[in-house]
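Reviewing the structure listed below.
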Amino acid sequence: TEKNDYKILSNHVGCVFSILFLKKQNIMLSGGNDGYLCIWNTEDMTLNKIIKHIPDELSKKRTNNKGKIISITTNKDESLIYIGFLDGEIGIYDSHFKEPMKVFRAHEKPLYSISISTLNGNLATSSADNTIKIWKQCDEIKCVHILQDHQSIVLNASFSPLEHVLFSTSKDES
């Protein structure tokens, strides 16, 4: 018999848009259209917990973007988890999910990606509003810069891990 080196994890209802591995805790996070944040044990790939961000009856409605998870990232020391929601909000959890999620509005239109700089901890968000916003977290989250150079939806923004450079992709083919 052949050994399978993979396992299909199937606790989401609908599309899964983002996964994140946390090495320090041996967990993987997955999030998607259903608003579920699934926390998986990476040693045996079992489901530890599901945090629901929207009621099940709303998760199936195409017009509802609230609570739908589009992107997940963490800071350098894995102490904070950032959840990007399609409705333009960002949620922040402590890495043990013991405190309630802190939420702030990053964009008025749908959000598509979030990225953390490993060099300075800044957060970048990209959106259907054709912008990338750079956020700094001290005592509170504050927008420190808005990049408005794209002519269409900004699908992704990602910091280089080696230098202070931000890359982006857009529907404007740039």
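The values are calculated or read from the model by the stated rules, or taken from the named source; none is laboratory data. From a predicted model like this one, the values you see are computed outputs, not experimental measurements. Using ideal geometry, Cβ is built from the backbone for each residue, glycine included, and neighbour counts are taken over all protein chains shown. Calculation scope for accessible area: heavy atoms of the full protein, side chains included, ligands and nucleic acids excluded. Shrake-Rupley method; radii C 1.70, N 1.55, O 1.52, S 1.80 Å.
In this structure, does Tyr82 turn out to be closer than 30 Å to Asp149 by Cβ, open to solvent by 60 Å² or more (accessible area, probe 1.4 Å) and out of contact with any helix residue (DSSP H, G or I) (no Cβ under 6 Å at 6 or more places or on another chain)?
Against the criterion (closer than 30 Å to Asp149 by Cβ, open to solvent by 60 Å² or more (accessible area, probe 1.4 Å) and out of contact with any helix residue (DSSP H, G or I) (no Cβ under 6 Å at 6 or more places or on another chain)), Tyr82 does not qualify.
Quick check, is Ile50 farther than 24 Å from Arg105 by Cα and either modelled with pLDDT of 95 or more or touching a Leu at 6+ places or on another chain (Cβ under 8 Å) (or both)?
So Ile50 fails the test.
Taking the options Gly14, Gly32, name whichever one is under 24 Å from Asn65 (Cα atoms), surrounded by 15 or more Cβ atoms within 10 Å (Cβ to Cβ) and out of contact with any Pro (no Cβ under 7 Å at 6 or more places or on another chain).
From the options Gly14, Gly32, the qualifying one is Gly32.
Mind checking which residues of the range 121-150 are out of contact with any strand residue (DSSP E or B) (no Cβ under 6 Å at 6 or more places or on another chain) and open to solvent by 70 Å² or more (accessible area, probe 1.4 Å)?
If the condition is that a residue be out of contact with any strand residue (DSSP E or B) (no Cβ under 6 Å at 6 or more places or on another chain) and open to solvent by 70 Å² or more (accessible area, probe 1.4 Å), then Gln137, Cys138, Asp139, Glu140, Gln148, Asp149 are the ones that fit.
Let me spell it out: the conditions are (1) among the β-branched types (Val, Ile, Thr); (2) surrounded by 13 or more Cβ atoms within 10 Å (Cβ to Cβ); (3) modelled with pLDDT under 95, and Val165 meets all of them except one. Which number is the exception?
(2)
Can you tell me which residues in the range 151-162 are assigned to a loop (DSSP other than H, G, I, E, B), in contact (Cβ under 8 Å) with a residue 24 or more places away in the chain and either in contact with a strand residue (DSSP E or B) (Cβ under 9 Å, 6 or more places away or on another chain) or open to solvent by 100 Å² or more (accessible area, probe 1.4 Å) (or both)?
Of everything in the range 151-162, just one residue is assigned to a loop (DSSP other than H, G, I, E, B), in contact (Cβ under 8 Å) with a residue 24 or more places away in the chain and either in contact with a strand residue (DSSP E or B) (Cβ under 9 Å, 6 or more places away or on another chain) or open to solvent by 100 Å² or more (accessible area, probe 1.4 Å) (or both), namely Ile153.
Please enumerate the residues belonging to the range 86-103 that are under 21 Å from Asp34 (Cβ atoms), part of a strand (DSSP E or B) and open to solvent by 10 Å² or more (accessible area, probe 1.4 Å).
Glu89, Ile92, Tyr93, Val103, listed by residue number.
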